[in-house]
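Below you'll find the structure, written out as structure tokens, and then a few comments.
The values are calculated or read from the model by the stated rules, or taken from the named source; none is laboratory data. No experiment lies behind these values; they were computed from the predicted model shown. Reconstructed Cβ throughout: ideal geometry from the backbone, glycine too, with neighbour counts over all protein chains shown. The protein model used for the area step is the full one, side chains on, heavy atoms only, and it has no ligands, DNA or RNA in it. Shrake-Rupley method; radii C 1.70, N 1.55, O 1.52, S 1.80 Å.
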Amino acid sequence: MTEKKYTTVSIPIPLAKKIKKRMEGTGFTSISSYVTYVLRQVISSIEEEEQQEGFSKEDEEKVKERLRALGYLD
Amino acid sequence: MPKPHGGTLINRIVSSSKKERLLEEAESMTTLKLNGGLRKDVENIASGVYSPLEGFLCRDDFENVLHHDRLSSDIPWTIPITLDVDKATADELKREEEIILQTETGASFAMMSIEEIYGYDKDHMAESVYGTTNEAHPGVQKVRNMDDFLIGGEITQINETDSGFQNYNLRPIETRVLFKEKGWRTVVGFQTRNVPHLGHEYVQKTALTFVDGIFINPIIGEKKTGDYLDEVILDSYQTLMDNYYLKNRAVMSILQAEMRYAGPKEAIFHAILRKNFGCTHFIVGRDHAGVGDHYGPYAAQDIFDRFPDLDITPVFFKSFTYCEKCGGAVDGFICPHGEEHRENFSGTKMRKILMEGKIPPEHMMRPEVARIVIDADPKFVE
Ligand SMILES: [Zn+2]
């Protein structure tokens, strides 16, 4: 079985204390799981801003043709 | 529009210029026949419905999904998409780098590169996906019946298979262009496998009050005996939309996939698929994708707390009943009247009335919708 590997990140102790306090009553069981959660949230919102369309104008015209043929577009 | 899951809309459908060459190569290659569910998985991978997957999971991703509900790239993913084969086939395919995938009737429709063949623990898989190893659960039953080895590797679709309902079969690139053309900045996805009653309509229209459009996305495919037939569901929804929805606010197309009845894990999976279609929101009702009483009524809503990086907003609904005093659909948080004034939107009861050829009360089901069901013969999966 390949269990997932973890790595260690250092954060200032006062920050860790602050996080520990903030965690109370949230259901998080460790500073690590809390920090993981927050980082995933932050990174995903940064990535969302970088977002591009992902299909060319040419593709788009072809798609519109089919959508019109099927009656989805007028 | 939300970016596709993982950032890129996957397209593994071969271009027409390469198609002929691949078909020629295919003639000398080893073939593997896939059942309907696996065929749909291949097509969903190829068209980007399952983005970022580019093939069936290799062991690293498979284990990571079971342990952490994420691919090894840390992208949320809760249902392992796997291709199972028996020992003899596994031994035979070990010698191959690429194989041809065929439909049950022997039509070649995709190519697969074999990256890895591996064994797996069925109990672990059942426990992780379904939260139980109880064989009364249809999903657990399915895992038990799977063959003992999994093949991982990328696929490329060469030919479209005829899955029916071509007029309602939009790929993610098509729904994305469609939403854009309609000027929808926010779109809520609605998953269904039922004929619509007033309770469904209430949920959909409530959601529509705060988003630009609704994407009605029935699951088409293998169902349980007694479920409504796919065409009955599509016809009844089309009728509902024609009569009771604004044309520029609602769109319907199908999702070809098997129900897994994995409750919470499947709710996340369903949300990811709708994000790939271009939805910004996804409706999760009571006991979404549940079966029997295997999951808590709101487990499929609570699980979203664990995924801050899903990038699609779940919209949670409780279950609604009809209140004669309010004159509409209500839940316990909006209606002050007692149980004696309320009536459940009971699918079972409506089905019974419809089977007698009668129209259910108008506060339960639109008469136009009821008429479609009454006129359909057969109505149900046998
Ligand atoms: Zn009331």
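Here are a few things to note about the model shown:
- When the alpha carbon gyration tensor of segment A:13-69 is reduced to an equivalent ellipsoid, its three semi-axes come out at 46, 12, 7 angstrom, largest first.
- Percent of beta bridges antiparallel (DSSP, the protein assembly as shown, rounded to nearest 5): 55
- Counts of other chain beta carbons within 10 angstrom of each beta carbon in peptide B:304-311 average 5.
- The percentage of C-alpha pairs in segment B:167-375 whose separation is greater than 31 Å is 17%.
- Greater than 26 Å apart at Cα, pairs in B:Lys223/B:Lys349; B:Lys223/B:Lys275; B:Lys19/B:Lys40; A:Lys18/B:Lys275; A:Lys57/B:Lys275: A:Lys18/B:Lys275
- Crossing angle, helix B:172-181 versus chain B [Cα axis fit, 0-90 degrees, rounded to tens]: 40
- The angle separating the long axis of helix B:16-26 from the principal Cα axis of greatest extent in chain B is about 60 degrees.
- Between the Cα long axis of helix B:263-277 and the first principal axis of chain B there is an angle of about 80°, rounded to the nearest 10.
- When accessible surface is computed with a 1.4 Å probe, chains B and A are found to bury approximately 2800 Å² between them, both chains counted.
- Principal semi-axes of the equivalent ellipsoid, √(5λ) from the alpha carbon gyration tensor of chain B, are 37, 22, 21 Å from largest down.
- Within the shell defined by Cβ-Cβ distances under 14 Å, the residues around B:Thr206 carry a net charge of +1, with Lys and Arg each +1 and Asp and Glu each -1.
- For the peptide A:31-41, the mean number of other protein chain Cβ atoms found within 10 angstrom of a residue's Cβ is 2.
- Calculated over the protein assembly as shown: convex hull of Cα atoms, volume per residue (Å³): 173
- Percent of C-alpha pairs per 5 Å bin, segment B:16-157, short to long: 2, 10, 18, 22, 22, 14, 8, 3, 1, 0
- In Hz, Karplus ³J(HN,Hα) per residue of segment B:358-370 (6.51, -1.76, 1.60; θ = phi - 60°; x = Gly, Pro): 9, 8, x, x, 5, 7, 9, 8, 5, x, 5, 5, 4
- With a Förster radius of 56 Å applied to the C-beta separation of B:Tyr298 and B:Lys19, the computed FRET efficiency comes to 0.75.
- Relative intensity of segment B:259-382 on a log10 scale, I(q)/I(0) at q = 0.11 Å⁻¹, equals -0.54, per a Debye sum over C-alpha point scatterers of equal strength in the absence of solvent.
- Most tightly packed first, judged by the mean number of other beta-carbon atoms within 10 Å of their residues, the peptides B:224-235, B:69-80, A:11-22, B:51-62 read B:51-62, B:69-80, B:224-235, A:11-22.
- Here the calculated FRET efficiency for A:Met23 and B:His363, from their Cβ-Cβ distance with R0 = 45 Å, stands at 0.40, rounded to the nearest 0.05.
- Listed by chain and number, the lysines placed with their C-alpha closer than 16 angstrom to that of B:Lys87 are B:Lys33, B:Lys122; residues fewer than eight positions away on the same chain are left out.
- Distance from segment B:78-112 to segment B:1-68 (C-alpha centre basis), Å: 12
- Inter-chain neighbour count for B:173-179: the average number of beta-carbon atoms from partner chains within 10 Å of each residue's beta-carbon is 6.
- Remark: relative contact order (chain B) = 18 percent; criterion is Cα-Cα distance under 8 angstrom and separation of 6 or more residues.
- Under Karplus coefficients 6.51, -1.76 and 1.60, residue-wise ³J(HN,Hα) of segment B:145-160 in Hz, glycine/proline x: 7, 5, 6, 7, 10, 10, 10, x, x, 6, 10, 9, 7, 9, 10, 6
- Estimated [θ] at 222 nm from DSSP helical runs (n ≥ 4, -39500 (n - 2.57)) normalised by residues in chain B, nearest 500: -10000 deg cm²/dmol
- Segment A:7-46 - Rg (one decimal) and Dmax (whole number), Cα, Å: 10.6, 28
- Qualifying lysines (Cα of each under 17 Å from Cα of B:Lys205; at least 8 residues distant if same chain): B:Lys247, B:Lys318
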